[in-house]
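Chemist: Pasting in a structure now, in structure tokens, and then I'll have a few things to ask.
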């Protein structure tokens, strides 16, 4: 997908992260990142803070090391970045083994499932470099298998995460009220530096009672088998590219459009958009034929997908809306909206770029009075 | 059983912005008073703390708190169960 170089109005720190998030694709971008990282005015504190906020610390570390900038970076910062990258690689290795353990147990019982998000993307979109941060392992199942999967997970030693949560009852009530996921599960392990492994099992591509959804049973049909790096002959099932794209985009939409994620400080970050950009780049042929558009129209999710892609194009100077022929979808009213609660949509005037960079997103409130949404 | 109306309404008003200046209409859906998925959790937790009850899993569904009337009935039922 073509894209122009980002403008630098938000400072060199932010420009570096935008370039890394969307993926470096040519020599001019390599040089631009290099120049920005070695500029005298670079604020390392700001760069590191934003890299942490957007879960890009290992990616930044890898970029600095692969560009041989060892002596252009303050020594203590370089050493810390190096450690962070190594630790992320170690965590991914531990997560891979656990993913296979859970996947084999589910497959043994004939339960349809796929592995999603970080673990699925790390090898296919991020070249197994250990740069994609993930704090848990994600699976997708159908709602009818919720009880069977809980039984399997308990046999594997997992317990609801409530046991470790700061406010167990809050977590428990929240989980019961939102049955689009199983309660978050965790297991104590005995590995250096990693005390717990969290597993997040969804049974919806979006959220309970979402006006935008794709049936999970349909999405799970004909998964692709994806090799696990470093484990010869071992594969995990993942969504085929069209549903991988739809899930990733709709998941981003969920985190960005629902006000509750903004208020809890867990809404969308640069890397979520980075996943979408990479998915399009690597699956362009499969995403630009008529099947994707037909599926989106069948399930009425075209406007939600257009919401994400239009914000993405505005922020990252990509051309995804045009590429996927969605110019006529995603109206202005929806684009400038955010859902507060079922039936109520707030107006929202901020740009996605400004929102991503803001460090006080949790306190942001809509500027226009609430009105009944459609 | 004591009348819980005052405590119940105080509890709702702590979390629902639109309920604060007005009398609470027990038939109106709580989403119209500003309830969303986050405040729903906060309201239920506050009800549990205020009335010394615990919502069982089968009551942790949207129907329990669709309106103030439904929620008050649920709270009263749980208080009665606990007392008996």
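Chemist: If you take the residues of the stretch B:2-43 that are facing chain A (nearest Cβ under 9 Å), assigned to a loop (DSSP other than H, G, I, E, B) and in contact (Cβ under 8 Å) with a residue 12 or more places away in the chain, which of them is nearest to residue B:71 (Cα to Cα)?
Modeler: B:35
Chemist: Here's a check for you: in the stretch B:44-57, which residue that is facing chain A (nearest Cβ under 10 Å) and in a helix (DSSP H, G or I) is modelled with the lowest pLDDT?
Modeler: Per the criteria, the residue is B:57.
Chemist: Kindly provide the set of residues from the stretch A:311-337 that are in contact (Cβ under 8 Å) with a residue 24 or more places away in the chain and in a loop (DSSP other than H, G, I, E, B), ordered by number. Lay out the reasoning, then the answer.
Modeler: Residues of the stretch A:311-337 in contact (Cβ under 8 Å) with a residue 24 or more places away in the chain: A:311-312, A:314-320, A:323-326, A:329-331, A:334-335, A:337.
Hits for the stretch A:311-337 are A:317, A:318, A:319, A:324, A:325, A:326, A:329, A:330, A:331.
Chemist: While we're on this one: So, in the stretch A:233-263, how many residues would count as being over 22 Å from residue A:215 (Cα atoms), out of contact with any helix residue (DSSP H, G or I) (no Cβ under 7 Å at 6 or more places or on another chain) and either assigned to a helix (DSSP H, G or I) or within 14 Å of chain B (Cβ to nearest Cβ) (or both)?
Modeler: Final tally of qualifying residues: 1.
Chemist: Please identify the pairs in which a residue from the stretch A:178-199 that is within 14 Å of chain B (Cβ to nearest Cβ) has its Cβ atom under 6 Å from the Cβ atom of a residue that is part of a strand (DSSP E or B), counting only partners at least 6 apart or on another chain.
Modeler: Here the result reads A:181/A:202; A:182/A:201; A:183/A:160, each pair linking the stretch A:178-199 to a residue that is part of a strand (DSSP E or B).
Chemist: Which of the residues belonging to the stretch A:110-140 are touching a helix residue (DSSP H, G or I) at 6+ places or on another chain (Cβ under 6 Å) and more than 29 Å from residue A:22 (Cα to Cα)?
Modeler: A:111
Chemist: Could you tell me whether the stretch B:62-69 includes any residue that is under 26 Å from residue A:210 (Cα atoms), more than 9 Å from every other protein chain (Cβ to nearest Cβ) and free of Cβ contacts under 8 Å to residues at least 24 places away in the same chain?
Modeler: Checked against the condition, which is being under 26 Å from residue A:210 (Cα atoms), more than 9 Å from every other protein chain (Cβ to nearest Cβ) and free of Cβ contacts under 8 Å to residues at least 24 places away in the same chain, the stretch B:62-69 yields at least one hit.
Chemist: So how many residues does the stretch A:189-202 have that are crowded, with 20+ Cβ neighbours inside 10 Å and outside any strand (DSSP E or B)?
Modeler: Result for the stretch A:189-202: 0.
Chemist: Oh, and also: With the requirement that a residue be surrounded by 16 or more Cβ atoms within 10 Å (Cβ to Cβ) and in a loop (DSSP other than H, G, I, E, B), what does the stretch A:129-155 give you?
Modeler: Listed by number, the residues that qualify are A:129, A:130, A:131, A:132, A:133, A:134, A:136, A:141, A:142.
Chemist: Then there is this: Name every residue in the stretch A:289-303 that is in contact (Cβ under 8 Å) with a residue 24 or more places away in the chain and in a loop (DSSP other than H, G, I, E, B), in order of residue number.
Modeler: Hits for the stretch A:289-303 are A:300, A:301.
Chemist: With respect to the numbered conditions (1) within 13 Å of chain B (Cβ to nearest Cβ); (2) closer than 15 Å to residue A:95 by Cα, which one is the sole condition not fulfilled by residue A:131?
Modeler: Checking residue A:131 against (1) within 13 Å of chain B (Cβ to nearest Cβ); (2) closer than 15 Å to residue A:95 by Cα, the one that fails is (1).
Chemist: Restricting the search to the stretch A:25-45, which residues are over 20 Å from residue A:357 (Cα atoms) and part of a loop (DSSP other than H, G, I, E, B)?
Modeler: Across the stretch A:25-45, the qualifying residues are A:25, A:26, A:38, A:39, A:40.
Chemist: Looking at (1) loosely packed, with under 15 Cβ neighbours inside 10 Å; (2) touching a helix residue (DSSP H, G or I) at 6+ places or on another chain (Cβ under 9 Å), which is the only condition residue A:79 fails?
Modeler: (2)
Chemist: Does at least one position in the stretch B:5-25 carry a residue that is surrounded by 12 or more Cβ atoms within 10 Å (Cβ to Cβ), at negative phi and touching a strand residue (DSSP E or B) at 6+ places or on another chain (Cβ under 9 Å)?
Modeler: Yes, because at least one residue in the stretch B:5-25 is surrounded by 12 or more Cβ atoms within 10 Å (Cβ to Cβ), at negative phi and touching a strand residue (DSSP E or B) at 6+ places or on another chain (Cβ under 9 Å).
The values are calculated or read from the model by the stated rules, or taken from the named source; none is laboratory data. Just so it is clear, the structure is predicted and the values come from calculations on it, not from any experiment. Virtual Cβ from ideal backbone geometry, glycine too; neighbours counted across all protein chains shown.
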